[in-house]
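The structure appears right after this line, and notes come after that.
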2 protein chains.
Amino acid sequence: MPSIQEVPARQGRAVKIARGQALQIINTFGTQVVDFWAFDARDLGAYLSMEHTRAALSRLTPRTGDILVDNRREPMLSFEADTSPGIHDTVIAPCDRARYVKLGCAEDHASCHNNLHRALDSLGLAVPVCPASFNLFMNIPVLPSGDLEWRETVSKPGDSVIFRALIDCIMVMSACPQDVIRINAGRPVSVQYSVLDG
Amino acid sequence: MPSIQEVPARQGRAVKIARGQALQIINTFGTQVVDFWAFDARDLGAYLSMEHTRAALSRLTPRTGDILVDNRREPMLSFEADTSPGIHDTVIAPCDRARYVKLGCAEDHASCHNNLHRALDSLGLAVPVCPASFNLFMNIPVLPSGDLEWRETVSKPGDSVIFRALIDCIMVMSACPQDVIRINAGRPVSVQYSVLDG
């Protein structure tokens, strides 16, 4: 049995995933959004790209069986499994200090942006920009008008997704600390992950 | 009368737009997609961001009257006018060499990605990444399934958009050279632009 690790509420974690291994991300309580990124372990300038993946798939949101590509349009991840209803977001930027200041929060409110940089730093790594994230379990329906709504997740406790690495990757998760709007049901909680061998 | 300049077919142009000035982009023949970017003239690391603008507007696509924000969530542009039907795209990455190679084209096929870098170079400027572009007049409907379609423009000859600069900006346009899929009606053509004073 692979060991299960925790991403504490409002925090981030980065893990090296070798080609052929996979990362399972578990929505322990069902209500938590997880911002997700992946970087080429040999060149952090190559990263999972939402705008290139949407173009490759001709679809707004990836689903099981899809190949996710990086900003060079090279295959990076296989979206191998998803026990949730498949409601994820690719169009909203990760939260950051500016987002929370505009929402009236303190300057030091945790954010997915900071979680990305801190998680990479824990591996001795750094990136100059914060790419657009794949926002797992985040429920942002696009209405026929093009308007976006910010809703609570529709996943169940224990729902999980699995991404198989097609190249050596650094994968990063942030348990989104958003506690002002209701995307995390108003209460950011922890999630879990597990590294799966090939 | 402000002078009207041309962006030749398949090429890009970069222009400095001072705070209070505006850029009008004219779809001369109506059928042409224009990839558009804007950068803070004092710090090119701050750029018009599609993912932050979608979050700020809670809408997939900006329209007249909207304030477009940069990757720091700061107001950058006012979307002041649009005589087209308002069909633009924010979810598809600008075309690049890899895109055309995958479509079976030659390695040296023109691309919006290269046009961005060449246009900036003409002003003695450079950026390390190619941000997601605001794809003017590009008709990528999101179906209820989430699938994206690649359609021809619905704009008329002479339709135009106007972006007013809220800070000193470098704005970049690329007359998209896509001639394989039909987004430019199969025939990339020139567009025009004009710098408008405040």
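Points worth noting:
- Considering only residues in region A:149-189 that are in a loop (DSSP other than H, G, I, E, B) and within 14 Å of chain B (Cβ to nearest Cβ), the one that is surrounded by the fewest Cβ atoms within 10 Å (Cβ to Cβ) turns out to be A:Glu149.
- Within region A:1-53, considering residues that are among the acidic types (Asp, Glu) and more than 23 Å from A:Asp179 (Cβ to Cβ), the one surrounded by the fewest Cβ atoms within 10 Å (Cβ to Cβ): A:Asp43
- Note on region A:54-84: residues that are assigned to a loop (DSSP other than H, G, I, E, B) and more than 13 Å from every other protein chain (Cβ to nearest Cβ) amount to 4.
- Residue match in region A:88-97 (condition: under 28 Å from B:Arg99 (Cα atoms), at pLDDT 95 or above and not in a loop (DSSP other than H, G, I, E, B)): yes
The values are calculated or read from the model by the stated rules, or taken from the named source; none is laboratory data. On a predicted model such as this, the values are computed, not experimentally measured, just so you know. Quick reminder, even Gly has a Cβ in these numbers, built from the backbone with ideal geometry, and neighbours come from all protein chains shown.
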